[in-house]
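Reviewing the structure listed below.
Every read-out reported here was derived from the displayed coordinates using simple, explicitly stated rules and does not represent laboratory data. Worth saying up front: this structure is predicted, and the values here are computed from it rather than measured. Because the Cβ atoms are built from the backbone with ideal geometry, glycine has one as well, and the counts that use them run over all protein chains shown.
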Amino acid sequence: MDKFKLESIMRLNRDTGQTLSDYLGIARQTFSNKINETRGAEFTQREIRLIKEKYSLSAHDIDEIFFTTKVS
């Protein structure tokens, strides 16, 4: 997951972790776990769809944010 891309989109839309977690209907801590990929937490298909709709993201954007693996 490219958390930095998602966070930059959130900032462009004046959203915070709290506002997006409220929109998704999840607890702020759950959102934090998902964006930081801690405790095996991942965004659900429903949450990804809501994020896509909220920010008018393309399928390519979604792939870059949620389905790319960074290799160092």
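Worth pointing out:
- Among the listed options (1) -0.56, -0.60, -0.72; (2) -0.44, -0.51, -0.74; (3) -0.71, -0.76, -0.90, the one matching log10 I(q)/I(0) by the Debye sum over Cα atoms at q = 0.15, 0.16, 0.19 Å⁻¹ as calculated from these coordinates is (2).
- DSSP-assigned coil residues among chymotrypsin sites (Phe, Trp or Tyr not before Pro) in the stretch 9-72, each with at most 13 further Cβ atoms within 10 Å: PHE67
- Normalised by the number of residues in the chain, the average gap of Cα pairs under 8 Å and 6 or more apart makes the relative contact order 42 percent.
- Loop-resident sites, the stretch 2-45, for GluC sites (Glu not before Pro), counting at most 13 other Cβ within 10 Å (DSSP): GLU37, GLU42
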